[in-house]
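As structure tokens, the structure follows; a few thoughts come after it.
The values are calculated or read from the model by the stated rules, or taken from the named source; none is laboratory data. Quick caveat, the model's predicted, so the values are computed rather than measured. Cβ placement follows ideal geometry from the backbone for every residue including glycine, while neighbour counts extend to all protein chains displayed. Just so you know, the surface numbers come from the protein's heavy atoms only, side chains and all, with ligands and any DNA or RNA stripped out. Shrake-Rupley method; radii C 1.70, N 1.55, O 1.52, S 1.80 Å.
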Amino acid sequence: MITTAKDTNDFWVAAAALALFIGASGKSAQIPLYTWLPDAMAGPTPVSALIHAATMVTAGIFMITRLNFLFDIAPSVQNIIAIIGAITSLVAATIALTQTDIKKVLAYSTVSQLGLMFLALGFGAYEVAVFHVITHAFFKACLFLGSGSVIHGLHGEQDMRKMGGLKKAMPITFITMLIASLAISGIFPLAGFWSKDEILMTAFHHNPSLWIIGSIASIMTAFYMFRLMYLTFFKTFRGTKEQEHHLHESPSLITFPLIVLALLSFFGGIISLPGNSWLNDYLSPLFSKVAQEEHSLGTTEYALMAIATIGAIAGILYARMKYIKNGLIPSEDSEITGLTKVLYHKYYVDEAYQAIFVKPLNSLSNFFRDSVETTLSAMVFGLGKATNELAFQGKKLQNGSIGFYLFAFVIGVCAILTYFYYQNNF
């Protein structure tokens, strides 16, 4: 087979695009480089709302969007991006199904939504991915700040098994988080419906298999978000008597941003409505090819909207049946078994990384510290010690005797004269 210059150029373009995508995967928490994001949720909720929901983690999406001209000529890499995005959205959603820490649920939800954005990027629908970045910033920031309001009201408690019944005590937090949960679930006409529907519609037209994966992840999103809502705000309070006595709505410093973000979660979708997208017009100068027009709303598109909406409602109703009608409360850690235990422990990916990467690297670093560094230090110290010893012995010659100095001078002169004599005669 003859390799042409074009084939070589295509290879290096694809290699460069793949390398950039790997960097974007680490920055935007895609499989297998996603484990850092849930761990970063230990930070304050305002930090999570800004950095982990709207700005830092979306840098990978923005980078790929800005370099669209490169990825457009590397279709093989685009396929990889779409597949990784779909898998990430599904795997993260399954993990979120069983988490009991309110912030961990939102953290894995963020990873899942980032996967949907990469799914759109993989199909070249850059403007759709950016649209979901924007709407996701609205409702996920609202959810993170809302969880912070709940944690503030419960004096640091984050375990949803110890919450419940907060709807009356914290009405503003409840309503704003409800709107944001409906938005992220994709309920019409909130912002998340429009952006998520665009992603799923694009996936359906390019790769129905990935559309199915994205749709399942979206249904799971509706389930775990309303699992969070039902466990946190409904039924009776399950915390301590002291916590119950001090339950109160957060101050306006906390609730006012929630109200603003809830309004944006509701109305934010108007920036890119089908047939009238201000966002597409705004972004069109960034793309090497003309931004795709929205799919015409025919029978197929309306059917896809209906399927997505019905799926979201089904997820919400199933969560209601389990956690409201049946009153199910997640088991304590020691009582979790089976597949639920696997999901609760995040497929044991953290443990696998610990065994495969962390422990061997720690052992290697310990070897270099205890053996190699010690040997090198001994060698350097030995040279210094030898130099000190030579200097100490040389110092003894400096005894202050003029006669000894003259004797040494005569010996030196004789040695020099002897050297020159032999050089000239032999």
Charge dipole of the chain built from unit charges on the beta carbon (Lys, Arg +1; Asp, Glu -1), centred at mean Cα; most positive-end Cα among Tyr318, Pro189, Ala306 is Tyr318
Most fluctuating of Pro75, Pro360, Pro208 in the GNM of the chain (C-alpha, under 10 Å) is Pro360
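How high is the relative contact order of the chain, in percent, with contacts defined as C-alpha pairs under 8 Å that are six or more residues apart?
Reported relative contact order: 16 percent.
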For segment 353-424, the convex hull over Cα atoms projects on average to an area in nm² of 9.4 nm²
The FRET efficiency for Ala306 and Asn362, from their Cβ-Cβ distance with R0 = 41 Å and rounded to 0.05, is 0.15
The local net charge around Tyr318, scoring Lys/Arg +1 and Asp/Glu -1 for residues other than Tyr318 whose Cβ lies under 13 Å from its Cβ, equals +4
With all protein chains in place and a 1.4 Å probe, Lys341 shows an accessible area in Å² (nearest 10) of 80 Å²
Taking only the alpha-carbon positions of the chain as identical scatterers, the Debye log10 I(q)/I(0) at q = 0.06, 0.07, 0.11 Å⁻¹ comes out as -0.37, -0.45, -0.86
GNM on the chain, Cα springs under 10 Å; top mean-square fluctuation among Ile61, Ile356, Ile22 goes to Ile356
Given Cβ charges of +1 for Lys and Arg and -1 for Asp and Glu, the option among His152, Ile219, Gln423 whose Cα lies farthest towards the positive end of the dipole of the chain is His152
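Test of the criteria: in segment 312-388, which GluC sites (Glu not before Pro) are in a DSSP loop and have at most 13 other Cβ atoms within 10 angstrom of their Cβ? Intermediate results must be reported in sequence, preceding the final value.
On the way: sites: Glu332, Glu335, Glu351, Glu373; in loops: Glu332.
Answer in residue order: Glu332.
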Over the chain, the sum of -39500 (n - 2.57) across DSSP H runs of at least four, divided by residue number and rounded to 500 deg cm²/dmol, gives at 222 nm -22000 deg cm²/dmol
Of the candidates Ile329, Ser112, Ser401, the farthest towards the positive dipole end of the chain (Lys/Arg Cβ +1, Asp/Glu Cβ -1, centred on the Cα centre) is Ser401
With +1 on the Cβ of every Lys and Arg and -1 on the Cβ of every Asp and Glu, the dipole magnitude of segment 295-344 about its Cα centre, in debye rounded to the nearest 20, is 180 debye
If each K or R counts +1 and each D or E counts -1, the residues other than Met220 whose Cβ falls under 14 Å of its Cβ total +3
Residue ranges of DSSP H helices in the chain that stretch 27 Å or more (Cα, own long axis) and have mean Kyte-Doolittle hydropathy of at least 0.0 are 5-27, 75-96, 102-122, 126-153, 208-233, 299-320, 402-425
Relative contact order as a percentage, segment 159-210, C-alpha pairs under 8 Å and 6+ apart, gives 15 percent
Per GNM of the chain with C-alpha springs under 10 angstrom, the most fluctuating residue out of Tyr230, Tyr353, Tyr318 is Tyr353
Cross-link reach from Lys196 to lysines, straight Cα distance under 19 Å and at least 8 residues apart if same chain, gives Lys140
For Arg320, the accessible surface traced by a 1.4 Å probe with all protein chains present amounts, in square angstrom to the nearest 10, to 110 Å²
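Counting pairs of alpha carbon atoms under 8 Å apart in space and at least six apart in sequence, what relative contact order in percent does segment 177-274 give?
Details: 69 pairs, mean separation 44.8, N = 98.
Computed value for segment 177-274: 46 percent relative contact order.
With charges only on Cβ, +1 for K and R and -1 for D and E, what is the dipole size of segment 204-306 about its Cα centre, in debye, rounded to 20?
Details: 5 positive and 7 negative charges, 78 e Å.
That gives segment 204-306 a dipole magnitude of about 380 debye.
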Summed over the other residues with a beta carbon less than 12 angstrom from that of Ser112, with K and R at +1 and D and E at -1, the charge totals +2
Computed about the Cα centre, the charge dipole of the chain from +1 Lys/Arg and -1 Asp/Glu charges at the Cβ has a magnitude in debye, to the nearest 20, of 860 debye
Any trypsin sites (Lys or Arg not before Pro) in segment 115-178 that lie in a DSSP loop and have at most 11 other Cβ atoms within 10 Å would be Lys168
